[in-house]
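The values are calculated or read from the model by the stated rules, or taken from the named source; none is laboratory data. Owing to the predicted nature of the structure, the values given are computational and were not obtained by experimental measurement. Backbone-built Cβ (ideal geometry, glycine too); neighbour counts: all protein chains shown. Calculation scope for accessible area: heavy atoms of the full protein, side chains included, ligands and nucleic acids excluded. Shrake-Rupley method; radii C 1.70, N 1.55, O 1.52, S 1.80 Å.
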Amino acid sequence: MSGLLELDGLTRRYGDLTALDGLSFSVPSGRVVGFLGPNGAGKTTTMRAIFGLTDLDSGSVRWNGAPVRPADRRRFGYMPEERGLYPSMLVGEQLEYLGRLHGLSRSDAEAATGVWLERLGVAERAGSKVDTLSHGNQQRVQLAAALVHEPELLVLDEPLSGLDPTGIDDIGAVLVERARAGCCVLFSSHQLDLVEDLCETVTIIDHGRLVAAGTVDELATAGARRLVVRVEGDREAGWAVGLPGVAISEVDGGEVRLVLEEHVDSQTVLAAAMAVGRVTEFSFARRRLSEVFREALG
Ligand code: ATP
């Protein structure tokens, strides 16, 4: 299985508001791509555009180099933000029904339903109505619904929101496994630490425009040098305030993260820290995805 989703110049206006503003990026197979942006950035609108659920003012969505056709969409899987399961239908019946809608035979749909409910840890709920399940279990069923027909492209709108740590691990493992199997996986999330663990690649948008994209490694190591410093007994990092060419990016539980301008000698920072106490940590650091995100948004 392999494929390539390309979004090219997507523009969507709602009256005076431009929800998507010439947005272009691609999702290659074999990777989990994290889709990030603040509230209202245009993530859901983009996902809806991939499925033809919103009209575009301009731009195009291509699958393997050609405009997406309805037949292609049958090989896509979507977990929408407003979870779309029928509340009073039985879980197993519903998945089989969705599998058949996507072109599976009755027996294949039954088999795939069994496999995915088992894999997502909700096999014992196959005979329950969806609305009797907990939020997390509904989420697992919703992911199974997006997967039941073995899609080549998987698009998930905040699949990790509201899950407990086990649910996050289970769903995260399935996303990585699907990518390894050759699926294109695009998912949105506001949980940047999780995205950092799960994704090789991220795309960050704001006001419907691309503001950063690349592998997590590239983004984490690009740009200015960063230092992590800890001084015994110091929680405020007052010593770092006003150091020339040094900005404080985060103070967390006694650990201070600093961004150094190019000309700054790190030894002067060390000397300033040692002047107030015993330095217990002093190391160069990668940027966290949360820092990449904040900087990309200016
Ligand atoms: P969130 O992280 O909050 O889910 P998002 O990145 O998914 O946000 P969208 O839901 O795509 O953002 O919304 C992008 C912008 O488009 C927002 O300003 C939103 O209010 C606007 N918008 C979306 N759908 C409509 C609509 N049907 N009519 C008018 N405005 C809309």
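Taking the conditions exactly as written (out of contact with any helix residue (DSSP H, G or I) (no Cβ under 8 Å at 6 or more places or on another chain), assigned to a helix (DSSP H, G or I) and at negative phi), does Ser60 satisfy them or not? Here the answer is no, as Ser60 does not meet what is asked. For region 101-151, the set of residues classified as in contact (Cβ under 8 Å) with a residue 24 or more places away in the chain and of a type in the set (D, E, K, R) consists of Arg119, Arg125, Lys129, Asp131, Arg140, Glu150, listed by residue number. Within the span defined as region 25-43, one or more residues are of a type outside the set (Phe, Trp, Tyr), part of a helix (DSSP H, G or I) and surrounded by 19 or more Cβ atoms within 10 Å (Cβ to Cβ).
At least 3 residues being of a type outside the set (Ser, Thr, Tyr) and in contact with a helix residue (DSSP H, G or I) (Cβ under 8 Å, 6 or more places away or on another chain) is the threshold, and among the strands (runs of 3 or more DSSP E) wholly inside region 178-251 those reaching it are 184-188, 201-206, 225-231. Exactly one residue out of Gly30, Gly59, Gly9, Gly40 is away from the ligand (no atom under 16 Å from the Cβ) and at pLDDT 95 or above, and it is Gly9. Within the set Val176, Val115, Val122, the sole residue that is open to solvent by less than 10 Å² (accessible area, probe 1.4 Å) and in the same structural domain as Asn39 (by TED's automatic domain parsing) turns out to be Val122.
Select, from Glu295, Glu281, the only residue that is of a type outside the set (Phe, Trp, Tyr) and open to solvent by 80 Å² or more (accessible area, probe 1.4 Å). Result of the check over Glu295, Glu281: Glu295. Only residues in region 11-22 that are open to solvent by less than 40 Å² (accessible area, probe 1.4 Å) count as the first member; pair them with residues that are hydrophobic (A, V, I, L, M, F, W, C), Cβ under 6 angstrom, at least 6 apart or cross-chain, and list the lot. Every condition considered, the pairs that remain are Thr11/Leu20; Leu20/Leu10. Residues in region 256-278 that are open to solvent by less than 70 Å² (accessible area, probe 1.4 Å) and more than 20 Å from Gly223 (Cβ to Cβ): Leu270, Ala271, Ala272, Ala273, Gly277.
Of all the listed residues (Leu175, Leu194, Leu210), the sole one being under 16 Å from the mean Cα position of the chain (by Cα), within 16 Å of the ligand (Cβ to nearest atom) and within 21 Å of Ala146 (Cβ to Cβ) is Leu194.
Residue-by-condition table, conditions (1) of a type outside the set (A, V, I, L, M, F, W, C); (2) open to solvent by 50 Å² or more (accessible area, probe 1.4 Å); (3) touching a residue at least 12 places away in the same chain (Cβ under 8 Å); (4) not assigned by TED's automatic domain parsing to the domain that holds Ser24:
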site	(1), (2), (3), (4)
Thr46	yes, no, yes, no
Phe51	no, no, yes, no
Leu56	no, yes, yes, no
Arg62	yes, yes, yes, no
Ala66	no, no, no, no
Arg69	yes, yes, no, no
Phe76	no, no, yes, no
Tyr86	yes, yes, yes, no
